[in-house]
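Worksheet for the structure shown next.
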Amino acid sequence: MVDALLRSVFEPGLFSSGPVHTAAIIGGIAAVVSGVVGTFTVMRGQSFAGHALSDVSAAGGSASFLLGISPLLGFVGMAGIAAGGMEMIGVQRARGRDLATGIVLGAGLGLAALLLYFDATFTSTTGAAITVLFGSMFAISSSTIPLVVAFSLVALGMILVVYRPLILSSVSTELAQVRGVRVRLTESIHLLTLALAVALSAMTIGAILSTALLIGPGAAALRVAHRPAWAIFSAALIGLGTTWGGILLAYDSYYWSSDHRGWPVSFFVVSLIFIAYLVSGRVGARSTHRAPKPLAIEEISSSPTQSTRS
Amino acid sequence: MIEGAYDLAEDKGEALAVEGVSVWLSGREILHDVSFSLHRGEFTGLIGSNGAGKTTLLRTILGMQVPTTGTVRIGGSPRGAHGAAVGYVPQKILLDPDIPLRSRDLVGLGFDGHRLGIPLRSKHRRILVEEMLEAVDASRFADSRVGTLSGGEQQRVLIAHALIRHPRLLLLDEPLANLDIRSEYEVVELLSRLAEEQGIGVLISAHDMNPLLSAMDRIVYIANGRAASGTTDEVVRTEVLSKLYGSHVDVIRIHDRILVAAGHEHDGLPAHTEPSVWAIGGRS
Ligand SMILES: Nc1ncnc2c1ncn2[C@@H]1O[C@H](COP(=O)(O)OP(=O)(O)O)[C@@H](O)[C@H]1O
Ligand SMILES: [Mg+2]
C-alpha cells in the first residue's frame, strides 16, 4: 500500500537516472545560492538589477554555444561583465539605479538576440534558444558539477564575509557609514554574488526564469521570518524544495500522457515558487506583523522579574 | 562666551568642540565660521529652519563631510576614524517593514554591524542589547519587526542602536520630525535623562525649539550659515538673532513658548527663505 503510494509519486527509475541526479545536484546548489543571495536582493529592493543581470547573462549563454564552451562559463562571464557595467554606471545610487539597470538590460538582451540567431543559423544547436532562455535541467552535463560547486562556494563565502555590514547597509546606508562600514565595497560584493547566483540558476531554469528563483524564495521568506538568519535559511530551503519538487513533477509528467511527452522542469519549479509565495502570505499574515506586547499593568509597576525578561 | 567655554573644556569633560568651521558645497558657503562646544552630560539643541545647515553641520562633526576650514574635536582629541566615539541617529530614516529585523537585532548591529563574518552567539552581546533596550524603554517591543513600529518606538530603537558602544557624544538629526506631541515629549525626556545619567553630550537638531525648551542646557542657533551658541536666554534674544539673520527679528515669549518672527525689513533675508519659516516657534 505505502509502496504503491510511493511508486505513484516517485516514478520508477527516478533515483537511478543519471540526468536526474545531475539536475538534482546542480539545481539544488543553484537554488540554495539564489535563495541566500536573493534574500538580500529583495531586502535591498534590487530585484530589477537581479532580473537585468540574468537577462544579460543570456547573451553569455548563447555565446557559449558558438564558442563551444560550458554554458555556465558563458552565463557567469556575461553576468559578471554586466555587474561591472552597472557598478560603473552607478547602480548603487538609488536614482541612477533603475536607469543603469535598464540600459544594461536592453543592451544585453539585444546581444542575446543576435547570438541566439547565430546559434540557430551557424550551428546545429537548434534548441539553444529554449535552453538558454528557459533552461533544460535534464540536459546539463555532469562534468559541470565541479565548476558549479566552485562558483557557489565563492558566492556563499562572499556573503558570509559581508553578512553584517550588508544587513546594516540594507537597513540604512547612513547608519552603516557611521558604524564604519565601507558601504560601496559591501554593495559591490553583493552585486557580484548576485551575478553568480543568477548565472547559476540561468543554467538550471533558464536566464529568463532565474529571476523567479532569485526573488521568489527570498520574498516568501521575508514574509514569514523575523530575523535575517531565519529568512536566509528559509529562502534556501524554499528554493531547494521547489527545485527538487519541480524535478520530481517533471520526471513524473513523462508518464502522465500515453505519448510520453514530459513537461519542462522550469515550468514546475516556477509554479511551485509561485505557490510558496502565496502560502507564505497566509502564514506571514498571522505572524509577520507581530504587534508590540500590550503594556501590562505589572510591567508598569516594574517588578524586577518583569524588567529582565526577554 | 565661546572663548570662556574652551577654558572650561578640560575640567568638565569636553564632548565636542567645533572651531571656526566653514563648509562650502557646490560653490556655496553653507556654514560660515561656526564655533561652539558641548560638554558631557549636556543636552544641546541645534536649532535652525529648513536648509539652515543643521544636517551639514552634523555630517561635518561625524567626519562624513570635510570642512573647508576649521576643526572638530571629539572628546578633547581631533576626530579620528568614522564616528569612533559618536552615536548618530540620521534624519528621516525609513525602516522598511519587509526587512526581517527585530528591534533587538538592529540594536545589536549598532554594536558589531561593521564587523565581517556572521555574528557568534555571545552572552556579553545579548546582555548589552538587553540593557540598551531597557535604557530606552524599548523592551516591550524588543521582538517586533522594527519596520512595523510607530515613529516614536523606532526612534527609541535607533537611539539604543546609536548608544550601544557607549559614545561620549550623541547626535540626532530632527528626531522629533513626524512624531506626535506625546512621543515628542517622551523622546526628549529620554534623551535628557540619558545625557545626565550616562554623561553623554547630546546634540539634537530641530526646526522648532519649543519641544526642547524644558530639557535644553544650551542652544546652537543657525541662520544665514552662521551660528550663535549659549544658554537659551543668552541666544534667543532680539539683538542676537537679528544680528545672526542680518535683519530685524522679534523674539516673542508667550507663556512658556518662544516665537521668532521676522520683522518688516526684508532686505537682509536670504532669497531662498520663505517668510513663513521665520516663525520658527509656530507649529503650523
Ligand atoms: N551635497 C550638497 N551639495 C550642495 N548643496 C547642498 C548639499 N547638501 C546640502 N546642500 C545645501 O545646504 C543647505 C543646508 O542643507 P542642510 O544641512 O540639509 O539643512 P537642514 O538640515 O538645516 O535642513 C541647503 O540649502 C542645501 O540645499
Ligand atoms: Mg536636515
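So B:F36 fits all but one of (1) away from chain A (no Cβ under 14 Å); (2) within 16 Å of ligand 2 (Cβ to nearest atom); (3) open to solvent by less than 20 Å² (accessible area, probe 1.4 Å); what number is the exception?
(2)
Which condition number in (1) away from ligand 1 (no atom under 16 Å from the Cβ); (2) more than 16 Å from B:F36 (Cβ to Cβ) is the one that B:T232 fails?
Every listed condition holds for B:T232 apart from (2).
If I go through the range B:39-64 residue by residue, how many of them are more than 10 Å from ligand 2 (Cβ to nearest atom), touching a residue at least 60 places away in the same chain (Cβ under 8 Å) and assigned to a loop (DSSP other than H, G, I, E, B)?
Of the residues in the range B:39-64, 4 are more than 10 Å from ligand 2 (Cβ to nearest atom), touching a residue at least 60 places away in the same chain (Cβ under 8 Å) and assigned to a loop (DSSP other than H, G, I, E, B).
Which one of these does A:L66 not meet: (1) open to solvent by 10 Å² or more (accessible area, probe 1.4 Å); (2) at pLDDT 90 or above?
Every condition holds for A:L66 apart from (2).
Looking at the structure I just gave you, is B:R28 within 16 Å of ligand 1 (Cβ to nearest atom), within 14 Å of chain A (Cβ to nearest Cβ) and open to solvent by 30 Å² or more (accessible area, probe 1.4 Å)? Can you show your working first?
Details: within 16 Å of ligand 1 (Cβ to nearest atom): yes; within 14 Å of chain A (Cβ to nearest Cβ): no; open to solvent by 30 Å² or more (accessible area, probe 1.4 Å): yes.
In short, no.
From the residues in the range B:44-85 that are within 14 Å of chain A (Cβ to nearest Cβ) and open to solvent by less than 10 Å² (accessible area, probe 1.4 Å), which one is modelled with the lowest pLDDT?
B:G83
Can you name the number of the only condition in (1) open to solvent by 20 Å² or more (accessible area, probe 1.4 Å); (2) in contact (Cβ under 8 Å) with a residue 60 or more places away in the chain; (3) within 14 Å of another protein chain (Cβ to nearest Cβ) that A:A229 fails?
(2)
For the range B:104-133, which residues satisfy the criterion of being of a type in the set (A, V, I, L, M) and within 8 Å of chain A (Cβ to nearest Cβ)?
If we filter the range B:104-133 for residues that are of a type in the set (A, V, I, L, M), which is where we start, we get B:106-107, B:109, B:116, B:118, B:120, B:127-129, B:132-133.
Scanning the range B:104-133 gives B:L106, B:L109, B:L116, B:I118.
At least 1 residues that are under 16 Å from the mean Cα position of the chain (by Cα), closer than 24 Å to B:I99 by Cβ and within 14 Å of chain A (Cβ to nearest Cβ) in each: list the helices (runs of 4 or more DSSP H) lying fully within the range B:134-238 that qualify. Can you show your working first?
Details: elements: B:151-163, B:181-198, B:232-235.
Here the list reads B:151-163.
Do the conditions hold for A:I69, that is, is it of a type in the set (A, V, I, L, M, F, W, C) and assigned to a loop (DSSP other than H, G, I, E, B)?
Values: of a type in the set (A, V, I, L, M, F, W, C): yes; assigned to a loop (DSSP other than H, G, I, E, B): yes.
Here the answer is yes, as A:I69 does meet what is asked.
I'd like to know if the range A:200-208 contains one or more residues that are open to solvent by 20 Å² or more (accessible area, probe 1.4 Å), within 30 Å of A:F138 (Cα to Cα) and in a helix (DSSP H, G or I). Break it down into steps so the answer makes sense when it comes.
Initially, the range A:200-208 is screened for residues open to solvent by 20 Å² or more (accessible area, probe 1.4 Å), giving A:208.
Imposing the further condition that a residue be within 30 Å of A:F138 (Cα to Cα) reduces the set to A:208.
With in a helix (DSSP H, G or I) added as a condition, the list becomes none.
Within the range A:200-208, not a single residue is open to solvent by 20 Å² or more (accessible area, probe 1.4 Å), within 30 Å of A:F138 (Cα to Cα) and in a helix (DSSP H, G or I).
Table: residues versus (1) surrounded by fewer than 16 Cβ atoms within 10 Å (Cβ to Cβ); (2) modelled with pLDDT under 85.
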position: A:F233; (1), (2): no, no
position: A:T243; (1), (2): no, no
position: A:V269; (1), (2): no, no
position: A:L278; (1), (2): yes, no
position: A:S287; (1), (2): yes, yes
position: A:P294; (1), (2): yes, yes
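The values are calculated or read from the model by the stated rules, or taken from the named source; none is laboratory data. None of the values given here were measured: they were computed from a predicted structure. Positions of Cβ are generated from backbone atoms using ideal geometry, with glycine treated the same way; all protein chains shown enter the neighbour counts. To get the accessible areas, we keep the full protein, side chains included, count just its heavy atoms, and leave off ligands, DNA and RNA. Shrake-Rupley method; radii C 1.70, N 1.55, O 1.52, S 1.80 Å.
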